[in-house]
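Here is the structure we will look at.
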Amino acid sequence: MTALYVNWDFNDQIISIFGFPLKYYGLLFASGLLLCMYILKGIFKAEKLSNEAHEALFMYGIIGIFVGARLGHCFFYDFDYYSQHLLEIVLPIQKNANGVYQFIGYAGLASHGGTLGLLLALYFYSKKYQIKYLMLLDLIAVVAPLGAAFIRFANLMNSEMIGNPTTMPWAFIFKRIDNVPRHPAQLYEALSYLLIFASIFIIYKMNSIKIGNGFYFGYAITLIFIMRIVIEFVKINQVEFENGMLLNMGQLLSIPFLIVGLYFVAKNIFRKVPKSF
């Protein structure tokens, strides 16, 4: 096969405003959340949930995802560094070689931490707006893979989370990293998540499974974290301590989510009588 390598040399910065860069990562992250919220507006209406509850969901969601993702990166992937630089956990700054702090943005977000943060934020949200927690998880699960796809597209724009070297004809050469053809692992994940979103949205629109039984939640996290585990095998390790590990940190952190997801899927497959929550 003729190699069709993609020379990826994309500028991750859209514009700089008074020294503060506006990057594609932030734009795609926010766009994904807004699109999910737009779709959820129709879902909330269909499930007879209030518009007030829908409007409040964005703030709970973005705080939960961002705080969880940031803490997840700092504690799971780079604890040695951030334990000595606590200020950099909460502020988008980093001390340079001259000992001067400079703005760099939040360079380090972990999807597993973001998932945990979202689950915790949704728990408090469900209490405030009197929505059954399992029902809420099912509703969010319908759009969660779409949001995850946007985040992986954002990683692609940043030339981060790149894949191992390959001779496959669709390989990407991430010019900001090196001149080696590599698996576009971010693209693999993004496309996988889009397919998961399409399938779960179709199942929801068919109205064949009752919201509140946990099926959509289990279905989404099972498929998302199966793909995460599989694609990690063609992805370079994010941190040095992962070298030599049979499963890297991303795969190990995916296993508990996968077990929980399989439980809810199996519970719905084998239940004899539909349950009402």
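The values are calculated or read from the model by the stated rules, or taken from the named source; none is laboratory data. Fair warning: this is a prediction, and the values are worked out from it, not measured in the lab. Note that we place each Cβ from the backbone using ideal geometry, even for glycine, and neighbour counts take in every protein chain shown. Surface accessibility is based on the protein's heavy atoms, side chains included, excluding ligands, DNA and RNA. Shrake-Rupley method; radii C 1.70, N 1.55, O 1.52, S 1.80 Å.
Note on residue 55 and residue 13: their simple-model spin labels are 3.7 nm apart, each label 7 Å out from Cα toward Cβ.
Accessible area per residue for segment 152-222 is 40 Å², calculated with a 1.4 Å probe on protein heavy atoms, without ligands, DNA or RNA.
Each label point was placed 7 Å from the Cα along the Cα-to-Cβ direction; for residue 31 and residue 263 their separation is 3.7 nm. Amide H contacts of residue 174: 8, 180, 182, each under 5 Å away and 5 or more positions distant or on a separate chain (H built 1.01 Å from N in the peptide plane; Pro and chain starts excluded).
What part of the accessible area of the chain, given as a whole %, is carbon or sulfur when the probe is 1.4 angstrom? Numbers along the way, then the final one.
On the way: 10010 of 14870 Å².
The nonpolar share, carbon plus sulfur, comes to 67 percent.
What is the magnitude of the charge dipole of segment 173-277 about its Cα centre, with +1 placed on the Cβ of each Lys and Arg, -1 on the Cβ of each Asp and Glu, and no other charges, expressed in debye to the nearest 20? If you can, show how the numbers build up before the last one.
Values: 11 positive and 5 negative charges, 126 e Å.
Rounded to the nearest 20 debye, it is 600 debye.
Helical content of the chain, expressed as a calculated mean residue ellipticity at 222 nm, amounts to -19500 deg cm²/dmol (DSSP H runs of 4 or more residues, -39,500 (n - 2.57) each, divided by residue number, nearest 500). Sequence-distant contacts, meaning Cα pairs under 8 Å at least 6 residues apart, place the relative contact order of segment 146-238 at 33 percent.
Placing a pseudo-label 7 Å from each Cα along the Cα-to-Cβ vector at residue 208 and residue 124 gives an inter-label distance of 3.9 nm. Just need the relative contact order of the chain here, percent rounded to a whole number, with Cα pairs under 8 Å and 6+ apart. Value for the chain: 21 percent.
Among the trypsin sites (Lys or Arg not before Pro) found in segment 134-207, those both in a DSSP coil and sparsely packed, with 14 or fewer other Cβ atoms within 10 Å of their Cβ, are 175, 176. Give me the angle, in degrees from 0 to 90, between the Cα long axis of helix 185-206 and the longest principal axis of the Cα atoms of the chain, rounded to the nearest 10. Compared with the principal axis, the helix lies near 10 degrees. Here's the picture: charge each Lys and Arg Cβ at +1 and each Asp and Glu Cβ at -1 in the chain, and of 268, 196, 120 the one pushed furthest to the positive end of that dipole is 268. A Gaussian network model of the chain, with springs between Cα atoms under 10 Å, assigns the largest mean-square fluctuation among 145, 169, 184 to 169.
Excluding residue 163 itself, calculate the net charge of residues whose Cβ lies under 13 Å from the Cβ of residue 163, where each Lys or Arg counts +1 and each Asp or Glu counts -1. Intermediate results must be reported in sequence, preceding the final value.
Numbers: positive: 152, 182, 235; negative: 160, 178, 189, 232.
With Lys, Arg at +1 and Asp, Glu at -1, the net is -1.
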